[in-house]
Amino acid sequence: MPVFRLDKRLVFPPVELAEDGLLAVGGDLSVERLVLGYSQGIFPWYGPELPILWHAPDPRMVLTPDELIVNRSLRKAIRRQPYQLKLDTAFSAVLAACAEVPRPGQDGTWIIPAMVEAYGGLHARGFSHSFEAWDGDVLVGGLYGVSLGGCFYGESMFARAPDASKIAFAAAVAQLAAWGIGLIDCQVHTEHLARFGAREMPRAEFMRRLAVALESPTR
């Protein structure tokens, strides 16, 4: 199957035409294109010195709040309330931390300056949010993602203290559920997310669920 080259027009090819998850190359990271992409199950993911790459993987890693798994040790940690949990008070700092924290098996980061600027633009327009764990006045963990309708698209998380990102993630899922957001897109499989109850589903099923979720208003 071909990989499509995008131009200035705000349009994406159908996700069914993605080859091994890669659908298109090029275009831009404007707020309008990002919102359109996410609404169609498409997201950017690339690295330094590469053109913008747009993905729609099959299968898709998904978590629903009612399937969240919080193991015994994490439940104990949550009860101790070691951190103060906040929302959208340090979005830029969360992005920077996600880019800086080393990850096993990864050399460098995909959260390059262009992506930081793009998601900052989404945040300024109310589409991108951060969930944060604080130890006093020190940011020690958190995550960020994109919110459209009844779907939250998780992007990245980090921890600089024990269980900080896990506690922030569990709190985020609970808050999203309270807001009526019932679909959390985790994009691709990781063992870390699988331990929280995320599971792979066929892209076609994800797209059907996404269509229903997007019928809800965006907060």
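So, SER128, is that one hydroxyl-bearing (Ser, Thr, Tyr) and free of Cβ contacts under 8 Å to residues at least 40 places away in the same chain or not?
On the way: hydroxyl-bearing (Ser, Thr, Tyr): yes; free of Cβ contacts under 8 Å to residues at least 40 places away in the same chain: yes.
Yes.
Determine which member of the set LEU87, LEU63 is closer than 25 Å to GLU215 by Cβ, in contact with a strand residue (DSSP E or B) (Cβ under 7 Å, 6 or more places away or on another chain) and open to solvent by 60 Å² or more (accessible area, probe 1.4 Å). Give the derivation first.
On the way: LEU63 fails: open to solvent by 60 Å² or more (accessible area, probe 1.4 Å).
The unique qualifying residue is LEU87.
Just a yes or no: is a residue in segment 77-85 of a type in the set (A, V, I, L, M, F, W, C) and assigned to a loop (DSSP other than H, G, I, E, B)? Outline the logic, then answer.
Here is the first cut: in segment 77-85, the residues of a type in the set (A, V, I, L, M, F, W, C) are 77-78, 85.
Going one step further and asking which of them are assigned to a loop (DSSP other than H, G, I, E, B), we end up with none.
Among the residues of segment 77-85, not one is of a type in the set (A, V, I, L, M, F, W, C) and assigned to a loop (DSSP other than H, G, I, E, B), which makes the answer no.
The values are calculated or read from the model by the stated rules, or taken from the named source; none is laboratory data. Keep in mind that this is a model prediction, so the values were computed, not measured. For neighbour counting, all protein chains shown are included, and Cβ atoms are generated from backbone atoms with ideal geometry for every residue, glycine included. Each accessible area value is taken on the protein alone, full model and side chains, heavy atoms only, with ligands, DNA and RNA left out. Shrake-Rupley method; radii C 1.70, N 1.55, O 1.52, S 1.80 Å.
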